[in-house]
Structures are given as C-alpha cells and as structure tokens.
Amino acid sequence: MTNVTAAARDNAEWCDAMCRAHGSSGTFTAQAWTHPTRTPPFYPDAVTLSPEVTAADLLGHIDAGPGASVKDSFATLDLPGFDVLFEAQWIHREPPERREPAIAWELVKDAATLSDWEQACFDGEIKDLFLPAILDEVTVLCGRQGDAIVSGSVLSPREQVVGVSNVFGDAPWEGTLAMAAGLYPGRPLVGWEIDPEDAVRHGFTTIGPLRVWSKIA
C-alpha cells in the first residue's frame, strides 16, 4: 500500500467514525468510501480510495444535490456540476521519537473535556460536532496551560499508520508527535494540510495532492 493510499484509507475511516458517532455509517469498496446522506459539517460525502475511480462510481451512492462534497484523494476526478472547494497535500512522517513537549499533554477521556476541547479547537463557533461516542473510535489529545486547553489534535490509529487531524493551537505539532510516539511507537504518521509548511518543519513530507469538490447549487 502506497503512502497516499494508506493516508486516504485512514482519512476515509476517520470520516466513517465521525458519521458513526452521529448515528450512521458509510460504505467501503475498493474504489471509495461513500455515505448515502449528508455527513456532519466539514466532512465529505465520499472519499476516493483509488486513482481509477470515476464520477459514475461515486455520484449514485451519495446525495449529490447542493451541499454535496467529495474528497478526491488522488486529484484525478472530473466531477461535472461540482467546483473545486480547495486543494491540499497529503503528508507523511516516519515514526517520531518520544520527547517531552513544552506544555502538559493528555488524553481527552470524557464528554465534558471533549466539549472544552471542541470549543478551543473551533474558537467556540462549532458545538456538538465531536460527540462523546467519538472517544471510542479515535484518540483525542489536548495540551494545557494551567486548566485551559490551548492546543490539541486527533490521532486515528490503523494497522499500518496513525492518522493525524484537527491539529490546532499553541505549538501543537510538538505535543502531537510526543503523544503519538508514546501511544503508538514505531508507526508512521499520515494526514493532510492545506498549508503543510508547519508540518514539514516538524519532519513531515508532502506525498501527493488532493482536492475537495463541492456542489454549490
């Protein structure tokens, strides 16, 4: 499995986990993950898992009306009626070494802390996206200064890699790498960033482009 394929699969699994936390699940094939109804905010209705996938393979399996979105993991799709919402880069890092971060990092283990984490992550603008059920699916991390959550991220562990997403706050990569090294030693990290500069400074490399398509009307 190539790094991009592993990253795309992890991302699709993460999207499915988020949907399950909200009460529904998608469908996996060799070509794509698709969800038949609209997914939670910021999450696509489909994630491609092969560069050979076509619009015909996807659009009959999602609600392709206004508001639909597709993560084109290999930047190879042509989706009539859709516009490119943004482009980004997949990132990959060899397993990090365990180092102590400058501030205290911990696992988010309960609903109250998860609510505080969500408020910090989205500056109070998003509520009830990260439901407590997600804590059974992935590893949510937070960094604290005193009692305040000032940074955080999500790790989604798979057999071959660990996905990294929702990285935010004060020096978040340092703490995320330290926690990943302690929790999942020896496993490479994957993810995606619109602007990968900060991740690259912390040892990641860009491994391929992706696009997110959206149907506005």
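Key figures
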{"item": "Placed amide H near L85: partners under 5 Å, 5+ positions off or other chain", "result": "V212, W213, S214"}
{"item": "Listed residues R93, R144, R201, most fluctuating in the chain (Gaussian network, C-alpha, under 10 Å)", "result": "R201"}
{"item": "Cβ crowding within 10 Å averaged over residues, with 158-168, 106-116 ranked highest first", "result": "158-168, 106-116"}
{"item": "Amide hydrogen neighbours beyond the local backbone of R158, cut-off 5 Å, H modeled", "result": "G163"}
{"item": "Spacing of the two label points (7 Å from each Cα toward its C-beta) at E137 and D110, in nm", "result": "2.3"}
{"item": "Length released on extending from I216 to E94, taking residue separation times 0.36 nm less the Cα-Cα span", "result": "40.1 nm"}
{"item": "Rounded percent of accessible protein surface that carbon and sulfur make up, segment 8-122, 1.4 Å probe", "result": "50"}
{"item": "Anchor K127: lysines whose Cα lies under 24 Å away (excluding residues fewer than 8 positions away in-chain)", "result": "K71, K109"}
{"item": "Fraction of accessible area attributable to carbon and sulfur, segment 131-184 (%, probe 1.4 Å)", "result": "46"}
{"item": "Anisotropy class of segment 1-96 from Cα gyration tensor, a/c 1.5 cut", "result": "oblate"}
{"item": "Among S24, S73, S50, residue whose mean-square fluctuation peaks in a GNM of the chain (springs only between Cα atoms under 10 Å)", "result": "S24"}
{"item": "For segment 175-217 and segment 16-82, distance of Cα centres in Å", "result": "20"}
{"item": "Amide H within-cut-off set for A32, under 5 Å, with H built and near neighbours excluded", "result": "L49"}
{"item": "Assigned charges on the beta-carbon of Lys, Arg, Asp, Glu; segment 1-72 dipole about Cα centre (debye)", "result": "160"}
{"item": "Probe 1.4 Å, all protein chains present, accessible-area order of K127, K215, largest first", "result": "K127, K215"}
{"item": "Descending semi-axes in whole angstrom, ellipsoid equivalent of the chain, from the Cα gyration tensor", "result": "29, 20, 15"}
{"item": "Sequence ranges 77-88, 51-62, 173-184, ranked by mean other-Cβ count within 10 angstrom, highest first", "result": "173-184, 51-62, 77-88"}
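The values are calculated or read from the model by the stated rules, or taken from the named source; none is laboratory data. Just so we're clear, the structure is a prediction, and the values are computed from it rather than from any experiment. Methodologically, a virtual Cβ is constructed for each residue, glycine included, from the backbone with ideal geometry; neighbour enumeration extends over all protein chains shown. Surface areas here come from the heavy atoms of the whole protein model, side chains and all, with no ligands, DNA or RNA. Shrake-Rupley method; radii C 1.70, N 1.55, O 1.52, S 1.80 Å.
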